[in-house]
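Asker: A single structure is presented below for examination.
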C-alpha cells in the first residue's frame, strides 16, 4: 500500500475493501482562521500558490493569474466573514 492511502474494512455477509487516496485531496495548507488583514493576506497567498502549482483553486480553474487572484481574494474574505465593500475605506 502506498503512503497516504487508507484501507477501510467492513465486516458483514461480504468483506469489503476500499482504498482511498488521501494524498491528492486538497494538497495545500489549510486556510487560516481569523479576520485580520494578515490572515486574509496569508490565505490569498496560499490560494494563489495552489493555482500556480495545480492550475486550480479548489474545484475552479481560473484562466489567468489575475482571475485567480480575484477568486482567492473572494474566498479569503468569505472565510474571514467579510465582504469586499467592508475592506474598502472611503476617504473624504
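Each reported figure results from applying straightforward, stated rules to the coordinates on display, with no laboratory input. Note that the structure is predicted; figures quoted are calculated from it, not measured. Please note: Cβ atoms are built from the backbone with ideal geometry, for glycine as well, and neighbour counts cover all protein chains shown.
Asker: Assuming 0.36 nm per residue, please report the length gained on full extension of the stretch residue 61 to residue 84 beyond their Cα-Cα distance.
Answerer: Gain on stretching residue 61 to residue 84: 6.1 nm.
Asker: Could you sort 45-56, 70-81 so that the peptide with the highest average Cβ count within 10 Å comes first and the rest follow in order?
Answerer: Working: 45-56: 15.0, 70-81: 17.2.
Going from most to least packed, we get 70-81, 45-56.
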